[in-house]
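The values are calculated or read from the model by the stated rules, or taken from the named source; none is laboratory data. Here the structure is a predicted model, which is why all the values come from computation and not from measurement. Positions of Cβ are generated from backbone atoms using ideal geometry, with glycine treated the same way; all protein chains shown enter the neighbour counts. Calculation scope for accessible area: heavy atoms of the full protein, side chains included, ligands and nucleic acids excluded. Shrake-Rupley method; radii C 1.70, N 1.55, O 1.52, S 1.80 Å.
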Amino acid sequence: MKIHYQILVKGLVQGVGFRPYVYRLATQMGLNGYVDNRNEGVSIVLQGSARQKDDFLSVLIAEQPDVADIQEISVSESAIETVMTGFGISPSVSGSMAITRVSPDIAVCEDCLADLRHQPHRIRYPFINCTHCGPRFSIIRDLPYDRPSTTMSEFIMCNTCRREYEDVNDRRFHAQPVACNHCGPHYTLTGAGVESDDYDTIVRLMDKCLSDGGIIALKGTGGYNLLCCARSRKAVARLRELKQRDAKPFAVMFPNREAIEKYLKVDESEWAMLNSWRRPIVLLHEVTRLNKLVNGPLNTIGALLPYLPVHYDLLSNHPDGLVFTSGNLGDEPIITDDRTARNILLPMVDLLVCYNREIYNRVDDSVVQVAGGQPLLMRRSRGYAPEPLRVRFGAEGILAFGAEKVNSFALGKGEQLILSQYIGDLKNKETHDFYTETLERFGRLFRFDPAVLVCDTHPLYFSTRQAIVHAERLGLPLLQVQHHHAHAAAVMAEYGLEGEVLAVCYDGTGLGDDGTSWGGEILQCGYSGFVRLDHLRCTPLPGGDRAAKEPWRMAVSYLYTLSDGHPAYPTAFLSHTDPEKLNMMEQMMRKNINSPLTSSVGRLFDAVSSLLGICDVNRYQAEASIRLEQRASDAVRLAYDTDASCPLDPADLFRCMMADLEQGVRVSTIAARFHHTLAQMTLLSLSAQRDKTRLNRVVLCGGVFQNRRLLNSLSDRLRKAGFDVFIPSAIPCNDSGIAIGQAAIAAHLSQ
Ligand code: ZN
Ligand code: ZN
Ligand code: FE
């Protein structure tokens, strides 16, 4: 018997060639009906037997397109009223408040790269795309995802493109950004007294400019990038000067695996990340020095593969890679609009290459590292945003404002949390504008109606102040959540954990419930509350915020605290610090002037880094910690003996390190022992807490866990001791992930 089936498919099913896929499948199987896009997903109407419907659904799931991600299928049935013949694709239906997923931007696919050589109207057409690839989130203004709601709306399809767009058997059937040499966007080059919009000329001039050691600003998917030859010392030095960035490492784009492996080590899981359609920057170990101006004293480089046709064209002549960095100044957001690029970037660079399609949603390149075969996101933006996190609780109407550093915010739709792209450090007007603009755009795009607002407890965060303003204006309840509770809840939400867990919250800083700065806490927590079970012994931050920028101050602080105010400085430390300044710090702490207390593990890393003579002043966020991690020897696995009765007191740790230092033990050995000792101290604390609380699940959270050495050492020890360990992977462990935790907590507390 034939039945009328109404099927709704939810998940990432728009902008990924899903309707043509449904069409082809239904046609092949001889089914009648139609498919259309809705805000909430893809709707399919089928007329056929129950058996036919089951077969259809099982193939639908099994053979779905690469980028697609079916998460839910609901089926309802009714008697047939009108018999349908054939299978069709109907226009999109908009109207409900429900939404479907917006696809992230997708790297150009192999088929399109091949088309560039064969298709007459797309020979070398740099904006080629199809239903499997091309811009998505960066160009979308509204849902459902159709051409008029993207920044492609102003381009009128030529007849050839239109035919492909309407031909269900074509790879470009309903590919919204479809375009060709005759009808699509094009590049324009300005600079060096030339102006050109001929693509071949542009590539030739860019290639020559890069070979001559020049710098190019190139409009990419989610903003402008700055490029120069990675091997050229002159070019990289100049780029640093232009960007006002004296030490932070640059990412490098390489043409292929062979080129990467000339300089960097790549394992299979790292290669899978690099080569995925998301094309993130992947942190890799350097085996042969590329150019010390690229990554300074570090032995890692963030590498990525080309993701736009123009990248392929440029890289084919530069096998040693191109420095590939965001087009911005200092800590401002990446530039997206052409006028700002002309005003700010053009005077700095040799060539400016833009194109005449608007970037609506700004997205930076994402950054990932791999630990234990698992990706750990550090910056979640292009290729990931705005993919939602599925959770096991209702989150409708929750708006989480995030933290201050590396901010992202999040909103709740049904059982999904949608994390914004990476916004950045909320410390200048440009980033503030980016934040408020994106907040507003997300609200519109996802048809979001806020009901509950949630933010950090820190009163000075820009995000907190915004939350207060919004709450007053909208007359909505506002919840303030402790920073580390939010860190822990983010990991719980990622893994769908309910009940209570033990949480290791190690990070730079966050306002504690007692008014001090936390960052080395062991919490017992669930979504609705937490207890601070243990913490790293507190020490002053002499000079407050300056102590976070100047690790040597933290070295003084620890030596002062652990010696009860009578520090004995190791000779090596005295050789690179000014005795007068040491004296000043001691005075400040003694008189308790601007010396708030902290339990931050980030600051402990700073102290050790300076004590070992690795880094006295941070030129960029966490420089001292990163360099300490990298200096540590892989061969050393032993921890120092510490007192198990007060596991998070670093007194023994410092005593042993100082003794090693005085005896001339290598810095690389001491650095390694420091990591393993901290892991061992953490295990001791957790074991004691497990005995008391009977909790066996441990979540690791906070920016310090970007340190793979500590992460591996601690998770190995915990697993050996029988703990269930949860490590943030899809949601960054740093403050970008805070909004997810805030939203999860609000969802539970507002129920
Ligand atoms: Zn393609
Ligand atoms: Zn065309
Ligand atoms: Fe934090």
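Laid out as a table, the results:
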{"read-out": "Residue tally, condition in contact with a Ser or Thr (Cβ under 7 Å, 6 or more places away or on another chain) and farther than 13 Å from Ile670 by Cα, over the stretch 610-660", "value": "9"}
{"read-out": "Selection status of Arg171, open to solvent by 40 Å² or more (accessible area, probe 1.4 Å), touching a residue at least 40 places away in the same chain (Cβ under 8 Å), within 13 Å of ligand 1 (Cβ to nearest atom) and more than 28 Å from the chain's Cα centre (by Cα)", "value": "yes"}
{"read-out": "Residue list for the stretch 194-217, filter: without any contact (Cβ under 8 Å) to a residue 40 or more places away in the chain, of a type in the set (Val, Ile, Thr) and open to solvent by less than 40 Å² (accessible area, probe 1.4 Å)", "value": "Thr201"}
{"read-out": "Within the stretch 698-718, tally of residues that are over 25 Å from the mean Cα position of the chain (by Cα) and more than 22 Å from Tyr640 (Cβ to Cβ)", "value": "0"}
{"read-out": "Selection count where residues are in contact (Cβ under 8 Å) with a residue 60 or more places away in the chain and assigned to a loop (DSSP other than H, G, I, E, B), scope the stretch 278-304", "value": "8"}
{"read-out": "Top-ranked residue of the stretch 530-579 - restricted to ones that are assigned to a loop (DSSP other than H, G, I, E, B) and touching a strand residue (DSSP E or B) at 6+ places or on another chain (Cβ under 7 Å), ranked as most open to solvent (accessible area, probe 1.4 Å)", "value": "Cys538"}
{"read-out": "Residue match in the stretch 67-86 (condition: among the hydroxyl-bearing types (Ser, Thr, Tyr), part of a loop (DSSP other than H, G, I, E, B) and more than 12 Å from ligand 1 (Cβ to nearest atom))", "value": "yes"}
{"read-out": "Pick from the stretch 106-121, criterion away from ligand 2 (no atom under 14 Å from the Cβ) and over 30 Å from Pro386 (Cα atoms), ranking: most open to solvent (accessible area, probe 1.4 Å)", "value": "Arg117"}
{"read-out": "Some residue of the stretch 183-193 being touching a Leu at 6+ places or on another chain (Cβ under 7 Å) and open to solvent by 20 Å² or more (accessible area, probe 1.4 Å)", "value": "yes"}
{"read-out": "Among (1) under 17 Å from His675 (Cα atoms); (2) in a loop (DSSP other than H, G, I, E, B); (3) among the β-branched types (Val, Ile, Thr), the one test that Ile626 misses", "value": "(2)"}
{"read-out": "Residue pairs meeting the criteria (Cβ under 6 Å; at least 6 apart or on separate chains; first modelled with pLDDT of 95 or more, in the stretch 505-520; second within 16 Å of ligand 1 (Cβ to nearest atom) and of a type in the set (S, T, N, Q))", "value": "none"}
{"read-out": "From the options Arg38, Arg117, residue that is in contact with a Leu (Cβ under 8 Å, 6 or more places away or on another chain) and more than 16 Å from ligand 3 (Cβ to nearest atom)", "value": "Arg38"}
{"read-out": "Single residue of Arg339, Arg289, Arg279 found to be at positive phi and charged (D, E, K, R)", "value": "Arg279"}
{"read-out": "Count - residues of the stretch 642-701 that are over 28 Å from Ala486 (Cβ atoms) and of a type in the set (D, E, K, R)", "value": "7"}
{"read-out": "Qualifying positions in the stretch 218-241 - open to solvent by 10 Å² or more (accessible area, probe 1.4 Å) and either under 25 Å from the mean Cα position of the chain (by Cα) or more than 30 Å from Ile139 (Cα to Cα) (or both)", "value": "Thr221, Arg231, Ser232, Arg233, Lys234, Ala237, Arg238, Arg240, Glu241"}
{"read-out": "Residue list for the stretch 596-634, restricted to those being farther than 20 Å from Asp246 by Cβ, hydrophobic (A, V, I, L, M, F, W, C) and surrounded by fewer than 21 Cβ atoms within 10 Å (Cβ to Cβ)", "value": "Leu597"}
{"read-out": "Residue ID - most open to solvent (accessible area, probe 1.4 Å), chosen from residues in the stretch 643-677 that are farther than 22 Å from Thr539 by Cα and without any contact (Cβ under 8 Å) to a residue 40 or more places away in the chain", "value": "Arg666"}
{"read-out": "Members of the stretch 17-50 found to be aliphatic (A, V, I, L, M), surrounded by 20 or more Cβ atoms within 10 Å (Cβ to Cβ) and in a loop (DSSP other than H, G, I, E, B), listed by number", "value": "Leu31"}
{"read-out": "Subset of the stretch 136-168 [open to solvent by less than 60 Å² (accessible area, probe 1.4 Å), over 18 Å from Arg444 (Cβ atoms), aliphatic (A, V, I, L, M) and away from ligand 1 (no atom under 16 Å from the Cβ)]", "value": "Met157, Val168"}
{"read-out": "Matching residues, the stretch 483-529, being open to solvent by 10 Å² or more (accessible area, probe 1.4 Å), under 19 Å from the mean Cα position of the chain (by Cα) and away from ligand 3 (no atom under 11 Å from the Cβ)", "value": "Glu494, Tyr495"}
{"read-out": "Scan of the stretch 444-469 for residues that are at pLDDT 95 or above, assigned to a helix (DSSP H, G or I) and either within 26 Å of the chain's Cα centre (by Cα) or among the acidic types (Asp, Glu) (or both), ordered by number", "value": "Phe462, Ser463, Thr464, Arg465, Gln466, Ala467"}
{"read-out": "Where Val469 falls short, out of the listed (1) surrounded by fewer than 22 Cβ atoms within 10 Å (Cβ to Cβ); (2) out of contact with any Lys or Arg (no Cβ under 9 Å at 6 or more places or on another chain); (3) in contact (Cβ under 8 Å) with a residue 12 or more places away in the chain", "value": "(3)"}
{"read-out": "Total residues in the stretch 678-705, condition buried (at least 24 other Cβ atoms within 10 Å of the Cβ) and part of a helix (DSSP H, G or I)", "value": "7"}
